[in-house]
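The values are calculated or read from the model by the stated rules, or taken from the named source; none is laboratory data. Treat the numbers as computed from the prediction; the structure is a model and nothing was measured. Positions of Cβ are backbone-derived with ideal geometry, glycine not excepted, and every protein chain shown enters the neighbour counts.
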Amino acid sequence: MQMERAGNAAELRKIKDEQLAALAAAGDSVEINIDADIDSMPDCLPKYKIIVERAKQRQEKFTDAKFVAGDESMGEAIIARTGEGNIEWVRMSEHDGGNHVLFEDGIDTNDVN
């Protein structure tokens with residue numbers, strides 16, 4: 001079973017590498033189809049452009065289907081400090097309107113430990 005999963009992972013990596021190479025070769029000449037299935041696309045410039053264009057045309061916000069907004073995305077150290085199930089995920093635009101600052105005076109490589 002483990003060998004089968006390793007084979008599938010290698011095959012998926014090969015497909016992703018081929019897609020990235022094709023996109024890199026095309027550069028800015030790639031036509032954007034805003035109805036494309038972006039969940040199956042690798043992270044790349046065309047995917048980003050589709051996300052931005054959808055936001056402009058449809059007035060919708062992007063939700064990453066591959067990212068789980070839950071305790072498992074925070075890591076053990078954060079869960080140990082906050083307690084399991086005590087993290088509330090909200091978009092900054094949906095927050096209570098307080099005077100919140102994500103980065104004060106810019107960011108630096110020493111800001112993340």
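Pairing each residue of region 8-21 that is under 15 Å from SER40 (Cα atoms) with any residue that is surrounded by 10 or more Cβ atoms within 10 Å (Cβ to Cβ), provided the two are 6+ apart or on different chains, yields C-beta distances under 6 Å for LYS16/PRO42; GLN19/PRO42; LEU20/PRO42. The residues in region 1-23 that are modelled with pLDDT of 70 or more and hydrophobic (A, V, I, L, M, F, W, C) can be counted, and the count is 7.
Checking region 81-88 against the condition returns no match, with no residue being part of a loop (DSSP other than H, G, I, E, B), modelled with pLDDT of 85 or more, surrounded by 11 or more Cβ atoms within 10 Å (Cβ to Cβ) and within 21 Å of the chain's Cα centre (by Cα). Checked against (1) modelled with pLDDT of 85 or more; (2) over 16 Å from the mean Cα position of the chain (by Cα); (3) not β-branched (Val, Ile, Thr), HIS95 meets all criteria but (1).
The listed residues are ASP64, ASP43, ASP17, ASP35, and the only one of them that is exposed (fewer than 11 other Cβ atoms within 10 Å of the Cβ) and either not in a helix (DSSP H, G or I) or not basic (Lys, Arg) (or both) turns out to be ASP35.
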